[in-house]
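Note sheet for the following structure.
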Amino acid sequence: MDRKDWPLFEIFIRPKNGLSHKHVGSLHAADGRMALDNARDVYTRRGEGVSIWAVPAASIAASDPSDKASLFDPADDKIYRHPTFYEIPADVKNI
Amino acid sequence: MSNDTQQALFGYALRLGDTSLVLGHRLSEWCGHAPELEEDIALTNVALDLVGHARLWLAYAGEVEGKGRDEDRLAYRRDVFDYRNHLLVEQPNRDFGHTIVRQFLHDSWAVELYDRLTASTDATLAGIAAKAVKEVRYHVRHSADWLIRLGDGTAVSHAKVQDALDRLWPYTGEMFESDAASATLAAAGIAPDPLELRAAWNARIAEILAEATLSRPADGWMQKGGLRGEHSEHLGFLLAEMQFLPRAYPDATW
C-alpha cells in the first residue's frame, strides 16, 4: 500500500472514567490497530487518557458549515430548552 | 552481600543499562527520518523509554559498585571496552525494516526478562523491572505489529525484513549466554538464568514470524563478545557521537 493511500482517522480520548471521549485530533494509519498505536504515541505522551477511539474520518457524516443558520439559529430564542432553571446539588459533578 | 555477588550484580546492571542505552541511541538516530510522522514519534518515544531504563540500571550499577560513579559518569566516561551491551543493539540502522527486526529480536527477549525480574530477591532490581516492563510490553507490541505488516506486506518489504532477519540472527545467541556471574545471580534468586528465557523467546519468535510469513534462520555460528567488552567496530562511532559533549565540556550543566 502506498503511503498516500493511508486513510485519515479521527482520534477521541477519554481523559478519565466518567467523562466522555473527546476529539483530540487526527492522524494517518493503515488500519484501526495502527491508528490506536499511533494515537497512543502522538496524543497520550503526557498521560492524557484511559481509553482511545479511532474512527475513520470517511465514516463521519458531518454537517455543512453553510447550513449553520438553518440548523442552529432557531434555538437562539428558546431559552426554556436550557436547563438553567434548576438548582444543581453541590455533589453532582461533571455537568 | 558477598563480594562475588556484588561484582556479578554490578556487571548485570551495567549490561542491562548499556544494552538499553545503546539501543535507545540507535533509535534516536531515526528522529526526523522515520517513514511517517506518526512513526517518527513512536520510535523516539521508545528511544526515550529505553534511555529512561538505562538511567535506572546505570544509577543502580553505580550504587552497587560503591565507588561514587553516577549514571552520567558510567554512560559518558567509559570507552568501548568497558561497555557490556549486546552486540545486536549496536548494529547500525540500515533501513526501517532492519530497525524493526533488531527491535523485535531485542523486545522479545526484554519482555521475558523484565517479567521474571519483577520477582527478583533484589528489591531495587524488582522495582526497576516492574516500572520498565509496562513500557517494554508496548515496545514488543509495536515492533511485532510492524514486523507482521512488513513481512506479510509487499514483495519488497518482505525481502527486506527477511534479509535483515538473516543478517541479525547471528547476534541473538548472546542474549542467552551464561557465565559464572549469571550462575551466581541465578543461585541467589536475583536474576533468572539467561537460558531460562530461551523457550519463551523462541515461542514468540515462532508465532510472529509465522504470521509475518518469514522464515526463521538456522541457529548456526553465533557472534559473541559484547558481554566481555569485545564489540563490533560500530560501537566506537556511536559512543564518539553520544559522548562528545560531556567529554568536550566535562561537568557542564545547563
Next item on the list: Just one of (1) within 14 Å of chain B (Cβ to nearest Cβ); (2) in contact with a Pro (Cβ under 6 Å, 6 or more places away or on another chain) trips up residue A:49, so point out which.
Entry: (1)
Item checked: Residues that are touching a helix residue (DSSP H, G or I) at 6+ places or on another chain (Cβ under 7 Å), among the hydroxyl-bearing types (Ser, Thr, Tyr) and assigned to a strand (DSSP E or B), drawn from region A:21-75 -> A:26
Notebook entry, point to check: Quick check: is even one residue across region B:23-45 away from chain A (no Cβ under 14 Å) and farther than 20 Å from residue B:98 by Cα?
Noted result: no
Margin query: Can you pull out every residue in region A:40-94 that is over 13 Å from residue A:24 (Cβ atoms), in contact with a strand residue (DSSP E or B) (Cβ under 7 Å, 6 or more places away or on another chain) and open to solvent by 70 Å² or more (accessible area, probe 1.4 Å)?
Written below: A:50, A:60
Notebook entry, point to check: Can you tell me which residue in region B:144-158 is nearest to the other protein chains (Cβ to nearest Cβ), limited to those that are assigned to a loop (DSSP other than H, G, I, E, B) and either surrounded by fewer than 17 Cβ atoms within 10 Å (Cβ to Cβ) or in contact with a Cys (Cβ under 9 Å, 6 or more places away or on another chain) (or both)?
Noted result: B:154
Check: Hey, any hits in region B:44-51 for a residue that's outside any helix (DSSP H, G or I), open to solvent by 10 Å² or more (accessible area, probe 1.4 Å), of a type in the set (Asp, Glu) and touching a residue at least 24 places away in the same chain (Cβ under 8 Å)?
Finding: no
Notebook entry, point to check: Could we say that residue B:216 is in contact with a helix residue (DSSP H, G or I) (Cβ under 7 Å, 6 or more places away or on another chain), surrounded by fewer than 16 Cβ atoms within 10 Å (Cβ to Cβ) and of a type outside the set (Val, Ile, Thr) here?
Noted result: yes
Check: Looking at region B:175-254, what helices (runs of 4 or more DSSP H) fall wholly within it and have at least 2 residues that are within 22 Å of residue B:112 (Cβ to Cβ) and without any contact (Cβ under 8 Å) to a residue 24 or more places away in the chain?
Finding: B:180-187, B:198-211
Check: Looking at this structure, is residue B:185 in contact with a Ser or Thr (Cβ under 9 Å, 6 or more places away or on another chain), closer than 16 Å to residue B:113 by Cα and open to solvent by 70 Å² or more (accessible area, probe 1.4 Å)?
Finding: no
Next item on the list: Being free of Cβ contacts under 8 Å to residues at least 60 places away in the same chain and out of contact with any Phe, Trp or Tyr (no Cβ under 7 Å at 6 or more places or on another chain) is the filter; apply it to region B:53-62 and report the residue that is farthest from the other protein chains (Cβ to nearest Cβ).
Entry: B:62
Next item on the list: Sort out which residues of region B:78-99 are over 21 Å from residue B:233 (Cβ atoms) and surrounded by fewer than 22 Cβ atoms within 10 Å (Cβ to Cβ), and write them in order of number.
Entry: B:96
Note to self: Here is a check on your reading of the model: is residue B:2 of a type in the set (Gly, Ala, Ser), more than 27 Å from residue A:28 (Cβ to Cβ) and open to solvent by 50 Å² or more (accessible area, probe 1.4 Å)?
What the structure shows: yes
Margin query: Condition (residue is open to solvent by 90 Å² or more (accessible area, probe 1.4 Å) and either aliphatic (A, V, I, L, M) or touching a residue at least 60 places away in the same chain (Cβ under 8 Å) (or both)) applied to region A:3-20: is it met by at least one residue?
Written below: no
Check: From the set of residues in region A:21-31 that are within 12 Å of chain B (Cβ to nearest Cβ) and touching a strand residue (DSSP E or B) at 6+ places or on another chain (Cβ under 7 Å), which is most open to solvent (accessible area, probe 1.4 Å)?
Finding: A:28
Margin query: Tally up the residues in region A:44-64 that are free of Cβ contacts under 8 Å to residues at least 12 places away in the same chain and under 13 Å from residue A:13 (Cα atoms), please.
Written below: 3
Margin query: Tell me the residue from B:130, B:126, B:34 that is open to solvent by 10 Å² or more (accessible area, probe 1.4 Å) and not in a helix (DSSP H, G or I), please.
Written below: B:34
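The values are calculated or read from the model by the stated rules, or taken from the named source; none is laboratory data. For clarity, every value in this text was computed on a predicted model and none was experimentally measured. Reconstructed Cβ throughout: ideal geometry from the backbone, glycine too, with neighbour counts over all protein chains shown. In case anyone asks, the SASA skips ligands and DNA or RNA and just uses the protein heavy atoms, side chains included. Shrake-Rupley method; radii C 1.70, N 1.55, O 1.52, S 1.80 Å.
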